[in-house]
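The values are calculated or read from the model by the stated rules, or taken from the named source; none is laboratory data. Bear in mind the structure is a predicted one, so any value in this text is a computation, not a measurement. Counting neighbours? That spans all protein chains shown, and the Cβs are built from the backbone with ideal geometry, glycine included.
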Amino acid sequence: MSDATEALGRLMDGNRRFVEGGSASDCVDRAVLASRQKPFATVLACSDSRLPVERIFDQGFGDLFVVRVAGNVVAPSQLGSVEFAATQFGTRLVVVLGHTDCGAVRATVDGALGGKTVQSDNLRSIVDRIRPSVESVLSEVKPSDYDALVRAAVRANVQLSVNQLRAGSDVLETLCAAQEVQIVGAEYSVETGAVAFFDGAGSLRIRP
């Protein structure tokens, strides 16, 4: 079982290898994985096809417990999945991973600016969960600077999901209060492949 500091260090080192084009992932022992799993971190990530979580952190089978949903939003099923990993597998680090050029965030920004809105009730349920993040940055970023607005909204949306994980689950709230689980935010750059960690990651005292 990895503590949060060790787990974050492994993710940062893995992403560094990914950006540099190297890899240190071990071969898979499927016989071992068939009987048990011991992921060292949980990652709640967007479903975007450009965000292959295990690859960008250079991790292999059984290393990460990954929960993916468009816009990396938090709903009961995502909360339950993160709770499951923390209580059943002892993962001590939870990373909410957003990314640049997020389509779900862009759709929400477009709707907030009076543009095209989604028609599907199911898609609207995702946009509705992202909307508070967009609204929170509209007072800080000029609507005319569309790209800057999307960038700010992406990070605000990650922060919102982090807060919802911390405060939306009695299980996670208790584990966080006891410092048994750390929940941090991060952003993947689809342009460079690098992951920037923020919101609480600095408190884990990871080397730069």
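Pairing residues of region 120-146 that are within 13 Å of residue 110 (Cα to Cα) with residues that are exposed (fewer than 15 other Cβ atoms within 10 Å of the Cβ), at Cβ distances under 7 Å and at least 6 apart in sequence or on separate chains, gives 143/113.
Only one of 175, 138, 149 is surrounded by 13 or more Cβ atoms within 10 Å (Cβ to Cβ), of a type in the set (A, V, I, L, M) and under 20 Å from residue 67 (Cβ atoms). Can you tell me which?
Within the list 175, 138, 149, the selection yields 175.
Could you say whether any residue in region 104-124 is of a type in the set (Gly, Ala, Ser) and either within 16 Å of residue 42 (Cβ to Cβ) or touching a Gly at 6+ places or on another chain (Cβ under 7 Å) (or both)? Steps first, please.
Step one: list which residues in region 104-124 are of a type in the set (Gly, Ala, Ser), which gives 104, 107, 111-112, 114-115, 120.
With the extra rule that they be either within 16 Å of residue 42 (Cβ to Cβ) or touching a Gly at 6+ places or on another chain (Cβ under 7 Å) (or both), the set shrinks to 104.
Yes - at least one qualifying residue is present in region 104-124.
Scan region 107-130 for residues that are more than 21 Å from the chain's Cα centre (by Cα) and either surrounded by 17 or more Cβ atoms within 10 Å (Cβ to Cβ) or among the hydroxyl-bearing types (Ser, Thr, Tyr) (or both) and the total you get is 6.
May I ask you to list the residues in region 43-56 that are outside any helix (DSSP H, G or I) and within 14 Å of residue 14 (Cβ to Cβ)? Across region 43-56, the qualifying residues are 43, 52.
Of the residues making up region 90-104, those that are assigned to a strand (DSSP E or B) and of a type in the set (Val, Ile, Thr) are 94, 95, 96. For region 152-162, the candidate set comprises residues that are among the β-branched types (Val, Ile, Thr) and touching a residue at least 60 places away in the same chain (Cβ under 8 Å); within that set, the residue that is surrounded by the most Cβ atoms within 10 Å (Cβ to Cβ) is 158.
Identify, please: which residue in region 85-101 is in contact with a Ser or Thr (Cβ under 9 Å, 6 or more places away or on another chain) and among the hydrophobic types (A, V, I, L, M, F, W, C) and is, among those, surrounded by the fewest Cβ atoms within 10 Å (Cβ to Cβ)? Per the stated criteria, the residue is 89.
With respect to (1) closer than 23 Å to residue 3 by Cβ; (2) aliphatic (A, V, I, L, M); (3) touching a helix residue (DSSP H, G or I) at 6+ places or on another chain (Cβ under 9 Å); (4) surrounded by fewer than 16 Cβ atoms within 10 Å (Cβ to Cβ), the lone exception for residue 165 is condition (4).
Determine whether residue 59 is of a type outside the set (Phe, Trp, Tyr), at pLDDT 90 or above, part of a loop (DSSP other than H, G, I, E, B) and under 19 Å from the mean Cα position of the chain (by Cα).
On the way: of a type outside the set (Phe, Trp, Tyr): yes; at pLDDT 90 or above: yes; part of a loop (DSSP other than H, G, I, E, B): yes; under 19 Å from the mean Cα position of the chain (by Cα): yes.
For residue 59, the condition - of a type outside the set (Phe, Trp, Tyr), at pLDDT 90 or above, part of a loop (DSSP other than H, G, I, E, B) and under 19 Å from the mean Cα position of the chain (by Cα) - is met.
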